[in-house]
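Beneath this line is the structure, given in structure tokens, with notes to follow.
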């Protein structure tokens with residue numbers, strides 16, 4: 001049990017405890033994930049009040065040194081603020097809050113799980129697998145674990161039709177590169193994740209914007225596109241599409257699959273957010289398995305650094321997919337794939353996803369409370385929200401004003417395909433760039449205050 005020595009400390013006792021905690025972390029007397037004494041235990045050992053310890057722990061948590069969880073205790077946090085290089089939240093701007101990056105919330109339980117997985121890998125012979133030259137498609141043990149995971153998410157394939165990838169973006173690029181030729185038309189949501197526009201630019205394909213609503217792609221828009229263009233691929237994110245948080249129901253998924261079949265259009269399905277939904281709709285794969293390329297990963301539902309995913313496709317397309325994976329780096333990272341495989345087998349993935357769901361549900365509740373008078377799209381288990389701006393605000397003007405106040409939000413223009421009219425809205429990330437719930441709430445309150453303001457007219461220099 002860590003007990004700080006405060007004999008030579010001056011000033012308030014709570015500050016002395018924080019200083020001792022920082023020294024212990026810096027000297028590696030305490031490690032990320034280590035559990036600290038309870039408020040009462042430390043108070044009794046130091047001869048101070050429980051309130052003094054509570055104040056010290058609260059301030060240390062605010063500084064990012066500790067993380068407390070009801071019913072579990074207080075733990076050393078897995079990061080130090082100065083180690084988050086390049087983060088807007090750690091810039092020179094006072095009290096900055098970053099709502100721009102969509103990533104899962106993390107805590108000491110992730111570090112503890114990762115540490116245990118690495119130790120077990122060294123004990124049970126997994127290290128030997130990591131030294132060997134592995135097949136491009138992924139080693140058998142990892143693909144078998146992936147088969148079980150995909151089956152639980154509604155996708156049933158054989159091991160021969162599954163490829164291990166470095167996350168969902170790698171899987172989508174691999175699929176798009178294997179299907180398209182330069183100049184081909186790829187239909188997608190009118191507002192889409194920037195990875196799709198990047199892929200299109202590299203592969204020299206033309207993106208076609210499809211009309212969307214709260215349920216995602218409107219089938220009639222897809223059908224019209226197929227009647228006017230030779231659409232080669234439909235690339236879609238049916239679950240929590242970025243940036244609009246749309247969630248496509250099964251009826252619409254089935255209708256879109258029918259249209260794709262009628263016009264011989266391949267489907268690339270990005271299901272990176274799907275595992276976060278407790279009672280999720282069936283994937284697009286279920287309605288058109290003969291033409292769907294299904295990609296998913298753990299970077300959103302578990303942790304960003306777990307860049308292991310799975311790509312399933314029609315059996316006839318697997319040789320082409322493997323060739324593209326080889327060209328892009330021979331094969332997926334075996335280290336993270338081994339961690340993911342281990343966690344799939346022992347239930348750690350399920351535990352971490354459930355933890356993430358509850359954390360996102362809490363953030364969703366905070367969002368509803370703070371922004372109750374404003375218009376937005378959000379879901380209980382989504383990592384982002386789509387905030388419609390009041391009439392007196394334009395998106396670029398709002399983004400600039402927010403940044404000047406230390407608030408970073410995402411404008412709509414990076415997500416726009418072609419000449420789609422720019423919506424007066426911004427995307428708010430609910431995840432890990434604001435690790436502390438209180439910081440998250442305080443940042444949202446400042447955004448709400450800005451929304452209520454009436455900005456000065458924009459000035460232009462000619």
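Some observations on this one:
- For the range 206-221, the condition holds for no residue, the condition being that it is surrounded by 22 or more Cβ atoms within 10 Å (Cβ to Cβ) and farther than 25 Å from residue 424 by Cβ.
- The range 282-298, residues that are assigned to a helix (DSSP H, G or I) and either free of Cβ contacts under 8 Å to residues at least 40 places away in the same chain or out of contact with any strand residue (DSSP E or B) (no Cβ under 8 Å at 6 or more places or on another chain) (or both): 286, 287
- Scanning the range 299-315 for residues that are free of Cβ contacts under 8 Å to residues at least 60 places away in the same chain and crowded, with 23+ Cβ neighbours inside 10 Å returns a single hit, 306.
- For the condition under 30 Å from residue 111 (Cβ atoms) and in contact with a helix residue (DSSP H, G or I) (Cβ under 7 Å, 6 or more places away or on another chain), residue 318 does not qualify.
- For the range 25-45, filtering for residues that are over 32 Å from the mean Cα position of the chain (by Cα), part of a helix (DSSP H, G or I) and within 20 Å of residue 63 (Cβ to Cβ) leaves 2.
- Within the range 22-39, the set of residues being in contact with a helix residue (DSSP H, G or I) (Cβ under 8 Å, 6 or more places away or on another chain) and at pLDDT 90 or above comprises 36, 37, 39.
- Total residues in the range 40-74, condition at pLDDT below 80 and within 19 Å of residue 355 (Cα to Cα): 6
- Reported count of residues in the range 181-205, each being more than 26 Å from the chain's Cα centre (by Cα) and either surrounded by fewer than 21 Cβ atoms within 10 Å (Cβ to Cβ) or assigned to a helix (DSSP H, G or I) (or both), is 6.
- Meets criteria (within 27 Å of residue 276 (Cα to Cα) and either part of a helix (DSSP H, G or I) or in contact (Cβ under 8 Å) with a residue 24 or more places away in the chain (or both)) for residue 402: no
- Scanning the range 261-281 for residues that are crowded, with 18+ Cβ neighbours inside 10 Å and in a helix (DSSP H, G or I) yields 274, 275, 276.
- Residue match in the range 111-129 (condition: closer than 20 Å to residue 320 by Cα and touching a helix residue (DSSP H, G or I) at 6+ places or on another chain (Cβ under 7 Å)): no
The values are calculated or read from the model by the stated rules, or taken from the named source; none is laboratory data. The shown structure was predicted, so the numbers you read here are calculated from the model rather than taken from an experiment. Here the Cβ is made from the backbone with ideal geometry for all residues, glycine too, and neighbour counts use every protein chain on show.
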